[in-house]
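K.L.:
Dropping the structure in here first, questions after.
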Amino acid sequence: MSHAISRRDVLRGTGALVLAFSLSRHAFALTETGASETALRGLPGSLDSTPLLDAWIGIDAGGNATIFTGKAELGQGIKTALLQVAAEELKLPLPRLTLVTADTGRTPNEGYTAASHSVQESGTAIRNAAAQVREILIGEAARRAGVGIDRLTARAGVVTGPDGVRYGYGQLVSDQLLHVDAQPTSILTDPRDFTVMDRPVPRVDIPAKVTGGAAYVQDMRLPGMVHGRIVRPPSYGALLLSVDAGPVEAMPGVIKVVRDGSFLGVIADKEWTAIQAMRRLAARAQWEETAQLPDEARLPEALMALPSRDQTILDVGQPDVPSYAINALFSRPYLAHGSIGPSCAIAHADDDALTVWTHTQGVYPLRNALATLFGMPQEKVRCIHVEGAGCYGQNGADDAGADAAMLARALPGRPVRVQWMREQEHAWEPFGPGMAAHIRATLGPDGSIAAWQHEVWSQSHMMRPGPPGTLLAARDIAHPFPPPPPVDLPMPEGGGDRNAIPLYVLPNARAVNHFLPEMPLRGSSMRSLGGYLNVFAIESTMDDLARLAGQDPVNFRLRHLKDERAIAVITTTAERFGWKERPRPPAGSGYGFGFARYKNLEAYCAVALEIAIDQDTGRTVILRAVAAVDTGQVVNPDGVRNQIEGGIVQAASWTLFEGVRFDRRRVTSVDWAAYPILRFAHVPRAVEVHVIDRPGLPFLGSGEAAQGPTGAALANAIRDVTGARLRALPLDAAKVQAAMLAASFKAAR
Amino acid sequence: MTTLTVNGIGRTVSSTPDTPLLYVLRDELELNGAKFGCGLGQCGACAVLVDGEPVFSCITPVMLLEGRDIRTLEGLGTAEAPGPLQAAFIEEQTAQCGYCIAGMIMRAQALLERIPHPGDDDILTALEPQLCRCGTHMRIVRAVRRAAQNMARASEAGR
Ligand code: FES
Ligand code: FES
């Protein structure tokens, strides 16, 4: 629904595009959330796949509501947002609502909590279901009172009408009343009448988190629970030749060593004992290593030399010209999700059933993968989401779930808790893929862009469960499952090519996606997928073109835009920043601007930065960040602000500090010293976020909107300060310092 | 057997003396505040106060803590009656995933006990050993600032 509109917007915004999709890409018509691309019933959001109203909303005899969502809280505040939506349409006060999240035993199947789709898919479903439930309750009251529904109102859980008609919701519900399919349209509350939505409602999960309540799967303690640890191989695909487990099994407190092929783990009564046993076991294991990793120093070249499946995703006008003013290669290293809390799961197996408490982003896909892995019927496996540390995509969550299940099956009747060690999370999580992008562009005599070409190289950004071979344990066991074929997420959302089509109006443009079926390092989804590098490359180039054209970079962007909402976020950002009247910066300081509409379908976001670079060390600090964001109808403005603020800080960390390190065999960046991220000394000194409200327009995801624009704005600000255009991420202190030295050397000559 | 004072209460624990405090707190005393983040002294998720000083509980064996005063997040307040820092973190809605927050609050507590009116530089310097991956830093700094103001106002009112 919202998609159809958005796609049309894209087409309008970029002129008459030819979007060509090859058949092979359609064969993998997988979306990032696992939701079907094509509507089955024409119902709003996830109601389309789960139409029964009582699958989403239950009302008890006391008139309290339980809301069921297939989406999971990942620290993005989704619980609170979904409760707001339900409370608004049900006309029930928030405290009378309970939310049950992703659980294959209880909630609808909503695929993965990913791609900034949760409010669109689940929020839309719950909003419509709640509105329809409210109307059913009003209808029931009308039937009982013998008055027309137009004379009844629902407020605060009570339906009232003339002559003292008054029914609490609890009186009106009966067994089968809500056991009906949803209708395609609902009577939705007018945004002007909102009392709960579009309000900064405090998040329901925060009090427990700041006072030591049990808030995470890591905090769960089940009766009889024991602790497991896994000994991971030293490198991808290494085979366990032998292990002398005897002395480890003899350690006091050790319950069992579990080995299946190259899968090796240990169970102990206490966590610390399990860790010590794991270390001893690791010291006694002999491995055969065969992995061959690319040359880290020449990663973009290595990626571009791999076999690729090529697809032209944009071809309009005549983009081939004899020479280009800009002809540049951009690259990003592999990036770690780097959850602060390593992945964790608890599993319990008995005779024929398996339960796993997990912070996976997809309880149903993980359940299916585990059922296949263990040859169990799907209905005998239950996966229950419990929050973990923020994941930002696919971290080790699913793998830890499989690890715990492997150990639990070796010790039936006892819950087994497995938490990964820091070095395991850093070495084994599926990284955000390393990528390269090549842009060529040139200006016409009128100072606008006359030709534009964008090529991007990337492996898959979508290797989530479903197939068991996505799970580390399934690849290590004696009868392993093969890694599944890599998934090239199709346009319009795209994977590596996400945001590779500029939103700018370009009469002559081509974009080509070079999908790499090989995976030099293990990779999968990480916040914004290819969008981060593509926007970084496009917005760096826009900046350079503006400079070549002698135009202000903000005006230059506006000149190439038709989309009113894009124009609005850019002008709002520029105005709030004071872009036009920005003073000449002192030496060592400068400004940068970046913009994108995430996926060309979701939130619009523009970021303006003022930075300072320490002339001796090359260290970059953001002095001031101003952003504007348009996410359609806002559910929780403070939630949106939190997501954008967080996105800016996280993207500053990716851009200034981060890259997975490896030698020709092993991943070597296995702790926070070898994989540094932003610490407080580099925190932006001020961040301002302006949320542009669009009452009544479809929800747009905001969780991944700020990353691309922030990375680009940093590169542009560094260019402003140093005169050097840096294109190979990260833009760390050493690189910035080298660029400054080179620039001053040039100036001196 | 080791005897510890945790949040003002004497506790005798049976974990071996080389066990890092973190596992004793979580496993044996069933306290959730201190978190496992790295086990290496690099992230601060496990920070607690020992005699008022922040320490990484993941690398501090309990045998060093006999008779010392240990404070964890649970010692600062509850969801119903949050302490000043906890209240400020709630008021500022300071969490995304929140996994890092316990450590942040403990280190901020040590700061405010030492410097009741910290400047921004004091706050940034004090929190430098703590990692947050969600990018909640801006709000963390705001919450610490607000807690300092609230505490100053409360002590003025009390005068
Ligand atoms: S868990 Fe102790 S410093 Fe990271
Ligand atoms: S809020 Fe998630 S790590 Fe800090």
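The values are calculated or read from the model by the stated rules, or taken from the named source; none is laboratory data. Because the structure is a prediction, the values reported are computed rather than measured. Every residue, glycine as well, gets a Cβ built from its backbone with ideal geometry; the counts of neighbours run over all protein chains shown. Note: accessible area is taken over every heavy atom of the protein model, side chains too, but ligands, DNA and RNA are not part of it. Shrake-Rupley method; radii C 1.70, N 1.55, O 1.52, S 1.80 Å.
K.L.:
Could you work out the relative contact order of the stretch B:84-157, using alpha carbon pairs under 8 angstrom and six or more residues apart, expressed as a whole percent?
P.N.:
On the way: 63 pairs, mean separation 35.7, N = 74.
Normalised by residue count, the contact order of the stretch B:84-157 is 48 percent.
K.L.:
Using Stokes-Einstein with the Kirkwood hydrodynamic radius over Cα pairs, what translational diffusion coefficient do you get for chain B at 37 °C and a viscosity of 0.692 mPa s, in µm²/s rounded to a whole number?
P.N.:
Roughly 207 µm²/s, to the nearest whole number.
K.L.:
Which ³J(HN,Hα) values, rounded to whole Hz and listed in residue order, are derived for the stretch A:120-129 from phi using the Karplus coefficients 6.51, -1.76 and 1.60 in 6.51 cos²θ - 1.76 cosθ + 1.60 with θ = phi - 60°, glycine and proline given as x?
P.N.:
4, 7, 7, x, 5, 4, 5, 4, 5, 4
K.L.:
For the protein assembly as shown, give the magnitude of the charge dipole about the Cα centre (Cβ charges: +1 Lys/Arg, -1 Asp/Glu; no others), in debye to the nearest 20.
P.N.:
Values: 88 positive and 95 negative charges, 197 e Å.
So the dipole magnitude of the protein assembly as shown works out to roughly 940 debye.
K.L.:
Moving on. Quote to one decimal, in nm, the extra length available between A:Gln292 and A:Ser323 on full extension: 0.36 nm per residue of separation minus the C-alpha distance between them. Working shown, then result.
P.N.:
Numbers: separation 31, 0.36 × 31 = 11.16 nm, distance 3.82 nm.
Length difference between fully extended and current span is 7.3 nm.
K.L.:
Mind putting together the pair-distance distribution for the stretch B:106-159? All Cα pairs, 5 Å bins, whole percent per bin, short to long.
P.N.:
Reading the bins upward from 0: 4, 19, 31, 22, 13, 6, 3, 1, 0.
K.L.:
Answer rounded, prolate or oblate for the stretch B:2-75, using the Cα gyration tensor with square roots of eigenvalues a ≥ b ≥ c: rounded when a/c is under 1.5, else prolate when a/b is larger than b/c, else oblate.
P.N.:
On the way: a/c = 1.45, a/b = 1.25, b/c = 1.15.
It is rounded, given that a/c, with a ≥ b ≥ c, falls under 1.5.
K.L.:
Roll a 1.4 Å probe over the protein chains and send me the accessible area per residue for chain A in Å². Please list the in-between numbers first.
P.N.:
Details: 25870 Å² over 749 residues.
Roughly 35 Å² per residue, with all protein chains present.
K.L.:
Based on alpha-carbon atoms only, what is the radius of gyration of the stretch A:256-343 relative to the globular estimate 2.2 N^0.38 Å? The partial results should precede the final answer.
P.N.:
Working: Rg = 23.7 Å, N = 88, 2.2 N^0.38 = 12.1 Å.
For the stretch A:256-343, the normalised Cα radius of gyration comes out at 1.97.
K.L.:
Go ahead and estimate [θ] at 222 nm for the protein assembly as shown from helices alone: -39,500 (n - 2.57) per DSSP H run with n ≥ 4, summed, over the residue count, rounded to 500. Present the calculation step by step, with values, prior to reporting the outcome.
P.N.:
Working: 23 runs with 268 residues, N = 908.
Helix contribution divided over all residues of the protein assembly as shown: -9000 deg cm²/dmol.
K.L.:
With unit charges on the beta carbons (Lys and Arg positive, Asp and Glu negative) and the dipole taken about the Cα centre of the protein assembly as shown, which residue among A:Ala141, A:His479, A:Gly723 sits farthest to the positive side?
P.N.:
Checking the options against the dipole of the protein assembly as shown, the answer is A:Gly723.
K.L.:
How much space per residue, in cubic angstrom, does the convex hull of the C-alpha atoms of the stretch A:549-748 take up? Show your work: numbers first, answer last.
P.N.:
Numbers: hull volume 30.2 nm³, N = 200.
Cα-based convex hull of the stretch A:549-748, divided per residue, equals 151 Å³.
K.L.:
In addition: Identify the GluC sites (Glu not before Pro) of the stretch B:62-159 meeting these criteria: DSSP loop state and at most 14 other C-beta atoms within 10 Å of the C-beta.
P.N.:
When the GluC sites (Glu not before Pro) of the stretch B:62-159 are filtered for loop state and at most 14 Cβ neighbours within 10 Å, B:Glu66, B:Glu80 remain.
K.L.:
Separate question: Placing unit charges on C-beta atoms (Lys and Arg positive, Asp and Glu negative, everything else neutral), compute the dipole magnitude of the stretch A:282-404 about its Cα centre in debye, rounded to 20.
P.N.:
Working: 7 positive and 16 negative charges, 39 e Å.
With only Lys, Arg, Asp and Glu charged at Cβ, the dipole is about 180 debye.
K.L.:
For chain A, the longest stretch holding no GluC sites (Glu not before Pro) located in a DSSP loop with at most 13 other Cβ atoms within 10 Å is which? List each step's numbers first, then the result.
P.N.:
Working: sites that count: A:Glu37, A:Glu518, A:Glu581.
Longest site-free region, per DSSP loop and neighbour criteria: A:38-517.
K.L.:
Lysines within cross-link reach of A:Lys71: Cα-Cα under 24 Å, excluding same-chain residues under 8 positions apart?
P.N.:
Correct list for A:Lys71: A:Lys79, A:Lys91, A:Lys209, A:Lys380, A:Lys599.
K.L.:
Please give the residues of the stretch A:723-749, grouped as numeric ranges, whose backbone N is less than 19 Å from a label point set 7 Å along the Cα-to-Cβ vector of A:Ala587.
P.N.:
So the set is A:723-724, A:736-749.
K.L.:
Across chain A, how large is the tail of the calculated P(r) beyond 36 Å, expressed as a percent of all Cα pairs?
P.N.:
On the way: 126834 of 280126 pairs.
Roughly 45 percent, once rounded to a whole number.
K.L.:
Can you return the aspartates and glutamates within cross-link range of A:Lys270? Criterion is Cα-Cα under 19 Å, with same-chain partners fewer than 8 residues away left out.
P.N.:
Filter leaves A:Asp219, A:Glu249, A:Asp403, B:Asp18, B:Asp27, B:Glu28, B:Glu30.
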